[in-house]
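Working notes for the structure below.
Any read-out appearing in this document is the output of simple, stated calculations on the displayed coordinates, not a laboratory observation. Keep in mind that what you see is a predicted model, and the values were worked out from it rather than measured. Reconstructed Cβ throughout: ideal geometry from the backbone, glycine too, with neighbour counts over all protein chains shown.
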C-alpha cells in the first residue's frame, strides 16, 4: 500500500511539473513578422541576428523587446503580424539582473546605455525595463532581453507564436506584473504625447 501511494505522489508531481511548463513562467509578449514567428516556432526558442543591432534607434538598447500583456505592442501595418508569448525558467529568471533604464538614457547610443548598465551588471546579461516613450499615453512597459542573452538562451526561454492575437489569448492571456519583480532602480516617468 505505501508503495502505491508514493507512486501516485510521484505521478502527481510529474503532472504538476508538466502542466506548469517545466518550471517556466510567462515573461512577456511580442508582436512580430511571420518570418520571425515561423523561426521561433521551429524550435520554440527565440534568436536575434546581430545585424539588427545598431548604435541608435532603440529606446533602451538592442535586443528582443517584449511587453507585459498579449497584443500590448503595436502591429506593423500592411504585413501579417504574429503574436508570441515568451516563458522563461523561473530560477534562471530570478537569478538574472534586472534594471530600470532612466529616461536620461533613453534613445542614447547603445554604447552609452551599455556603459550605464555596467554599473549594475553585465550589459549582455541584464534585462532592461522602461515605459515605452511617447506611446499609449506612456502607460505601457517594455522589457529588452539583450541580443547575446537571447542567443545564448540564458533564461531557457520557450516561445510560441500565433497568427492572431485571438489565438494567442486562447493559449495564454496572463498579464505579467513586472512592477512586482525585483528590479534595480525606479521606473522613469514617460513622456506623453496628446
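To the nearest 0.05, what FRET efficiency results for residue 76 and residue 175 with a Förster distance of 22 Å applied to their C-beta separation? Could the numbers behind the result be given before it?
Working: r = 23 Å, r/R0 = 1.03.
For R0 = 22 Å, the calculated efficiency reads 0.45.
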Within the range 44-80, what residues put their amide N at less than 20 Å from the label point 7 Å along the Cα-to-Cβ vector of residue 119?
-> 59-62
With Cα springs under 10 Å, the Gaussian network model of the chain assigns the largest mean-square fluctuation among 140, 97, 111 to 111
GNM on the chain, Cα springs under 10 Å; top mean-square fluctuation among 145, 76, 183 goes to 76
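What's the extension gain from residue 112 to residue 50 if we count 0.36 nm per residue and subtract their Cα-Cα distance? Before the final figure, lay out each step's value.
Working: separation 62, 0.36 × 62 = 22.32 nm, distance 1.79 nm.
In short, 20.5 nm is gained.
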Spin-label pair residue 186/residue 95, simplified geometry with 7 Å Cα→Cβ offset, distance in nm = 3.2 nm
When the chain is treated as a GNM, springs tying every alpha-carbon pair under 10 Å, which of 159, 170, 96 comes out with the largest mean-square fluctuation?
-> 170
In Å, what is the Rg of the alpha-carbon atoms in the chain, and how long is Dmax?
-> 18.2, 69
May I ask for the angle, rounded to the nearest 10°, between helix 2-19 and the longest principal axis of the chain, with both axes built from Cα atoms and the value confined to 0 to 90°?
-> 20 degrees
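What percent antiparallel are the DSSP beta bridges of the range 25-180, to the nearest 5?
Details: 22 of 26 bridges.
Among the beta bridges of the range 25-180, antiparallel pairing accounts for roughly 85 percent.
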Helix 34-43 versus the longest principal axis of the chain: what angle, 0 to 90°, nearest 10, using Cα atoms?
-> 40 degrees
Just the ratio, please: alpha-carbon radius of gyration of the range 25-82 over 2.2 N^0.38 Å, N its number of residues.
-> 1.18
Cα centroid separation - the range 36-74 against the range 127-148, whole Å | 12 Å
